[in-house]
Amino acid sequence: MAYGKVDALLGIVFGDEGKGKVVDYFTPQYDVVARFAGGPNAGHTIIFDGKKFVLRSIPSGIFDPDKVNIIGNGCVLAPDLFLAEAKELEDAGYSLKERLHISKRAQLILPTHRCLDRAYEALKGKDKIGTTGKGIGPTYSDKAARVGLRVGDILHNFDEKYATLKARHERLLSDLHYEYDITEEERKWMEGIAYMREFKLTDSEVELNNYLKEGKRILAEGAQGTMLDIDHGTYPFVSSSSTTCGGVCTGLGIAPQHIGEVFGIFKAYSTRVGSGPFPVELFDSTGDALRRIGNEFGAVTGRNRRCGWLDLVALKYAVTVNGVTQLIMMKSDVLDNFDSIKVCTGYRIDGEVVADMPFDTEGCEAVYETLPGWKCDLTHMTSEEEFPKALNSYIRFIEDYVQIPIRIVSVGPDRKATIIRH
Ligand code: GDP
Ligand code: IMO
Ligand code: MG
C-alpha cells in the first residue's frame, strides 16, 4: 500500500490567521489531525451551525466524530486548562476520550511555569514580549534544559517528579522576589492530571508513522505563525516553539519526505498581538477601522491586535522558509469597504529599499503600492465567478509577488464562507 502523506497547515505571519476555521473545514478530507507545536497560547476559533468554539490545545479536527486527533510531542500542555477546554466540548456533546490521543513526550506546563512567565515579563519592564502568560517560554526552556516533565511522567512516581521541578521553580521565583499563591490553581491542575490519565497517552510518533504506513492522510495543524517562530521570527519577540514546517517533522516525529502540501494561511491584511517590530502597523483611523471591522481582539487574552496592510515581504519570506505550496487568504471581507488598499512590497532601511527579510525589522519603513478597493460585500459570495475585478487584481498581485497560488479565499468566519479557486 502507498504511504500516506502529512499535509501541513501553517500560520505564516503573526498568528490568528484563521487556522482553526480552515483545519475544521479541511478535516473531512483527512483521517488524522495533529497539533505539533505550541499550547494554550493558541486560540483557534471555529464557527458552524450557529455555534462558536475557541480551541487552545485540542486540535481543530475534533468536531468530526470519525477522526483521530493528536496532541503531538512538540506541544506543551497545561492539565488544568486542558480539563476546562475538554469539559466544554464534552458538555456540548463531543466525546473525546477514544479519539483524542496525547503524546507521552509532550511537555507539561506547571502552575509555577506560569508564575515564571509573569515574573520574567515583569523583569523585562518596557522590553517585555507581551506573552500570553500561559507559561510557554519557561516550559520550553525547561525542555531544552532537560529538566521538564512530560505527559508520560504522570504514569509513574509523578508526585516526586512534580515536587522536584516545583522546588526548582520556587528557588527561581524567590530569587526574583516574585510573590504568588498557587494553592487553588495547583488543586485544579492536579484534577487535570487525574483527568488526563483517562485519555490514550500515546507514543505519537509511532502511532502517526503507522497511520502513514496504512496509507492514511494526516493534517498537521500549526499554531502561532512563522514570524513568531523561535528561529525564524522577529526574535526575541517570538514564541518559544518551532512554528514553521520543520516543526512538523520534529513536533510529530515525521520524516520530511512524508510532507505533502504545505498550506500557508494569511489574512488579507496584517495583525500582531504583543510587542515587537511591525513595520506595517497603522496608528491612524485606517488601523482603527481594520481592528473594528476585523474584530481584532485576541481570542486568548482579549488584547487589541495591532493592525496594518498586508506585508508581502513577510509573506514571501514565510513562503520560502516553509516551502508553502498553496496559499489561503482569510478575512478578505474585512477589506470590503476601503476605497483603496495598500500592500507593502519592501522595507526602507537607511535610505535603501530591500525586499528580503532583514535581521531586524525594527526601524524599517514600509514601502507600499496602492491598489483599488472592490467596494462590495463578499460575505454572500459562494464561488470565484462572483469575485469583483478589483479582488481578482488584488489576488493576482499577491500571487505574482510570492509566486504561489492562492487556492482558498475566506469571506466570513463561518465554516461555509470559504471559496475554493480553481
Ligand atoms: P487562528 O488562531 O489562526 O485559528 O485564528 P483566530 O481564531 O485566533 O482568529 C481568527 C478570527 O477571524 C476568528 O475570530 C475567526 O472567527 C475569524 N475569521 C476567520 N476567517 C474569517 C473571515 O474570512 N472573515 C472574517 N470576517 N472573520 C474570519
Ligand atoms: P494562534 O495559534 C497570535 C504571541 C504573544 C506574544 C508572543 C509570545 O492563536 O495563532 P507566548 O505566550 O507564546 O510566549 O507569547 O507570541 N502569540 C500569539 N499571537 N496568535 C497566537 O496563537 C499566539 N501565540 C503566541 O502575543 O507576542
Ligand atoms: Mg488565534
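The values are calculated or read from the model by the stated rules, or taken from the named source; none is laboratory data. Source: prediction; values computed, not measured. Here the Cβ positions follow ideal geometry from the backbone for every residue, glycine too, while neighbour counts run over all protein chains shown. Surface accessibility is based on the protein's heavy atoms, side chains included, excluding ligands, DNA and RNA. Shrake-Rupley method; radii C 1.70, N 1.55, O 1.52, S 1.80 Å.
Using Cα pairs under 8 angstrom and six or more residues apart, how large is the relative contact order of the range 331-421, in percent?
31 percent
Nearest 10 degrees, 0 to 90: what angle lies between the long axis of helix 79-91 and the longest principal axis of the chain (Cα atoms)?
For helix 79-91, the angle is close to 70 degrees.
Rounded to the nearest 5, what is the percent of antiparallel bridges among the DSSP beta bridges in the chain?
40 percent
Once you've got the Cα coordinates, tell me which of Lys87/Lys416; Lys166/Lys188; Lys97/Lys331; Lys21/Lys87; Lys19/Lys134; Lys51/Lys331 are over 23 Å apart.
Working: Lys87/Lys416 26 Å; Lys166/Lys188 16 Å; Lys97/Lys331 34 Å; Lys21/Lys87 21 Å; Lys19/Lys134 20 Å; Lys51/Lys331 19 Å.
Distance filter (> 23 Å) returns Lys87/Lys416; Lys97/Lys331.
Read phi for every residue in the range 266-278 and hand back ³J(HN,Hα) as whole Hz from Karplus 6.51 cos²θ - 1.76 cosθ + 1.60, θ = phi - 60°, with x for Gly and Pro.
Using θ = phi - 60°, the values come out as 8, 8, 5, 9, 10, 9, 8, 10, x, 7, x, x, 7 Hz.
Which lysines, if any, have their Cα less than 19 Å from the Cα of Lys213, not counting same-chain residues under 8 positions apart?
Lys5, Lys67
Once phi is turned into ³J(HN,Hα) by the Karplus curve 6.51 cos²θ - 1.76 cosθ + 1.60 with θ = phi - 60°, what whole-Hz value does each residue of the range 253-262 show in order, with x for glycine and proline?
Values per residue, Gly and Pro as x: x, 10, 6, x, 5, 8, 6, x, 6, 10 Hz.
Restricting to DSSP H runs of at least four residues, report the calculated mean residue ellipticity at 222 nm for the chain, -39500 (n - 2.57) per run over all residues, nearest 500 deg cm²/dmol.
Numbers: 11 runs with 128 residues, N = 422.
It comes out at -9500 deg cm²/dmol, rounded to the nearest 500.
Charges only on Cβ, +1 for Lys and Arg, -1 for Asp and Glu: so what's the dipole of the range 1-83 about the Cα centre, in debye to the nearest 20? Display every interim value, and only then the final one.
Numbers: 8 positive and 9 negative charges, 20 e Å.
Dipole magnitude for the range 1-83 comes out near 100 debye.
Can you compute the label reach from Glu385? Point 7 Å from Cα along the Cβ direction, backbone N cut-off under 18 Å, restricted to the range 403-422.
Answer for the range 403-422: 409, 418-422.
Which far-off residues, 5 or more places away or on another chain, put their amide H under 5 Å from the one on Ala220, with H placed in the peptide plane?
Placed amide hydrogens put Asp7, Ala8, Leu9, Ala34 under 5 Å from Ala220.
Positive end of the dipole of the chain, charges at C-beta (+1 Lys, Arg; -1 Asp, Glu), about the Cα centre: which of Gly43, Ile408, Gly93 has its Cα farthest in that direction?
Gly93
Taking amide H positions as placed 1.01 Å from N in the peptide plane, with prolines and chain starts having none, which residues 5 or more places from Asp16, or on another chain, fall under 5 Å of its amide H?
Gln224
In the range 79-178, if the dipole is taken from +1 on Lys/Arg beta carbons and -1 on Asp/Glu beta carbons about the Cα centre, which of Pro79, Leu172, Ile109 is farthest to the positive end?
Going by the Cα projections, it comes out as Leu172.
What residues have an amide H closer than 5 Å to that of Met330, excluding those fewer than 5 places away on the same chain, when H is modeled at 1.01 Å from N in the peptide plane?
Phe266, Lys267, Ala268, Ser410
Dipole size in debye (nearest 20) for the chain around its Cα centre, Lys and Arg Cβ +1, Asp and Glu Cβ -1?
The calculated dipole for the chain is roughly 500 debye.
Hey, any idea what % of the chain's accessible area is carbon plus sulfur with a 1.4 Å probe?
With neighbouring chains kept in place, the figure for the chain is 50 percent.
Output the 0 to 90 degree angle, nearest 10, between the alpha-carbon long axis of helix 111-124 and the longest principal axis computed from the alpha carbons of the chain.
50 degrees
May I ask you to evaluate 6.51 cos²θ - 1.76 cosθ + 1.60, the Karplus curve with θ = phi - 60°, for each residue of the range 33-41 and list the ³J(HN,Hα) values in order in whole Hz, giving x for glycine and proline?
Once θ is set to phi - 60°, the couplings for the range 33-41 become 10, 9, 7, 10, 8, x, x, x, 6 Hz.
Using a probe radius of 1.4 Å on heavy atoms only, what accessible surface per residue do you get for the range 207-311? Whole Å² is fine. Each step should come with its number before you reach the end.
Working: 3570 Å² over 105 residues.
With the other protein chains kept in place, the range 207-311 gives 34 Å² per residue.
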